[in-house]
Each structure stands twice: as C-alpha cells, then as structure tokens.
1. Indicate, rounded to the nearest 5 percent, the antiparallel portion of the DSSP beta bridges found entirely in the chain.
2. Relative to the Cα centre, what is the charge dipole magnitude of the chain, using +1 at the beta carbon of each Lys and Arg, -1 at the beta carbon of each Asp and Glu, and rounding to the nearest 20 debye?
3. Have a look at LEU121, SER165, ASN145 and report the one farthest towards the positive end of the charge dipole of segment 2-185, computed about the Cα centre with Cβ charges (Lys/Arg +1, Asp/Glu -1).
4. Using a Gaussian network for the chain with springs between C-alpha atoms less than 10 Å apart, which of these wobbles most: ALA25, ALA35, ALA65?
5. Can you tell me the dipole magnitude for segment 98-182 around its Cα centre, using point charges on the Cβ only (Lys, Arg +1; Asp, Glu -1), in Debye to the nearest 20?
6. How would the chain be classified by its alpha-carbon gyration tensor: rounded, prolate or oblate, with rounded meaning a/c under 1.5 and the a/b versus b/c comparison settling the rest?
7. So how do VAL131, VAL21 line up by other beta-carbon neighbours within 10 Å, fewest first?
Amino acid sequence: MKERFDREYYRRFYRDGRTSVISQAEMSARAQLIAAYVQHIDCPVASILDAGCGLGLLRDPLMRALPRASYMGLEYSDYLCERYGWTQGSLVDFKTRQPFDLVVCYDVMQYLDERSAGRALANIGRLCRGVLYFSALTSHDWKHNCDQSRTDRDVHLRSAAWYRSRLARNFRQAGAGFWIRRGAPLSVWELETAG
C-alpha cells in the first residue's frame with residue numbers, strides 16, 4: 001500500500017487545482033475550528049498528533065492558533081516522510097510514551113480495511129488524553145456529499161454508525177467531528193454535545 005501514496009497520488013488529490021479534493025483555505029478553516037473548539041472547552045493543548053498528516057496542511061494554521069503546543073505529523077507514505085520529515089508509521093500500531101492532548105485524524109480511516117481500522121481506532125484511544133478531531137469518508141458521504149470525480153474511490157466505505165460505535169468505547173461525542181476522551185477533566189455543556 002505504501003507505493004500507492006506516492007508523488008503522483010498527492011499531485012492528483014492535493015496539488016492540482018483541477019483534480020484536488022481539498023484546498024489550503026479549507027484546511028486553514030478546519031484548523032481554526034479545531035483550535036477554537038479546544039479553547040472553548042478550556043482544553044490545554046501542549047501536544048498535537050496529526051495522524052495521517054499528508055502534506056501537513058493543518059500544521060501551520062494549528063501552530064499559529066496554538067503556539068505553545070508541540071506538533072507531530074504521523075504519516076504512512078514514504079514519499080511524504082522523506083519530503084517533509086514526518087514521523088513514519090501507521091496509526092494501527094504507532095506507540096508513544098505520552099498521549100497527546102489533541103489528536104487529529106482527518107480522512108485516514110477509509111484507507112484501512114475493517115480489521116486495521118478497528119485496531120487504529122482502539123489505538124487512538126491510547127494516544128489521545130484530551131480531544132480528538134475525527135473525520136472519515138462514509139458510505140453516505142460517498143453517495144450524497146462528496147465530489148466523486150475528485151475523491152479517491154479506492155477506499156473502504158463504512159457507515160457512520162460503525163465509526164461511532166468504536167469511538168464511543170473511549171470517547172464522548174461532542175459533535176462537528178469532536179470527541180472528548182472519557183475520563184478527561186473537560187466539561188462540555190449538555191446541549192453542546194451530540195447526545
């Protein structure tokens with residue numbers, strides 16, 4: 001699978017304006033949302049793990065918004081690790097001595113088969129001690145929300161319920177992609193959560 005995430009893959013889906021699935025402006029807005037949310041719930045962020053960081057489009061805007069935090073970009077692609085110096089690894093079995101205050105896992109899980117994705121979600125529970133920002137392409141999104149001409153179709157589509165049930169083992173859903181680690185000393189108003 002490593003060969004798949006080569007220079008051509010990132011040119012097509014991230015660098016070519018005619019075929020890219022996401023823009024820097026969108027990722028900057030996403031980083032601002034993430035930073036605003038952790039500040040809103042008073043979650044101190046000293047460490048960030050961007051799991052499947054890709055080109056690192058979230059890095060600079062997150063670091064501007066959360067300047068006291070350290071940032072680790074975890075990436076599977078040999079090409080990107082060589083080019084950007086990211087930490088090489090897979091979310092399925094990545095280990096660290098200390099969990100992170102904020103973990104971002106954006107559009108990664110759909111690339112993993114069911115067993116690997118289940119292991120990766122369990123591992124996120126070990127890697128995150130505060131807030132998780134999580135998003136993955138679901139079967140519903142594929143049919144109704146994404147631009148299929150720009151979106152990689154070589155993925156494993158699952159229901160949102162599949163992800164929610166596994167994330168709920170370690171996290172409370174807060175909505176808008178945010179999950180709070182069970183046991184974390186963070187208070188969220190009831191009507192500001194997903195249920």
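Every number here is computed from the coordinates shown, using simple stated rules; none is lab data. Bear in mind the structure is a predicted one, so any value in this text is a computation, not a measurement. Positions of Cβ are backbone-derived with ideal geometry, glycine not excepted, and every protein chain shown enters the neighbour counts.
1. Values: 7 of 23 bridges.
Expressed as a percentage, antiparallel bridges in the chain total about 30.
2. Numbers: 28 positive and 22 negative charges, 75 e Å.
I would put it at about 360 debye.
3. SER165
4. Largest GNM mean-square fluctuation: ALA25.
5. On the way: 14 positive and 8 negative charges, 106 e Å.
I would put it at about 500 debye.
6. Working: a/c = 1.44, a/b = 1.28, b/c = 1.13.
Rounded is the answer for the chain, as its axis ratio a/c remains below 1.5.
7. Working: VAL131 25, VAL21 16.
If I rank by nearby Cβ atoms, fewest first, I get VAL21, VAL131.
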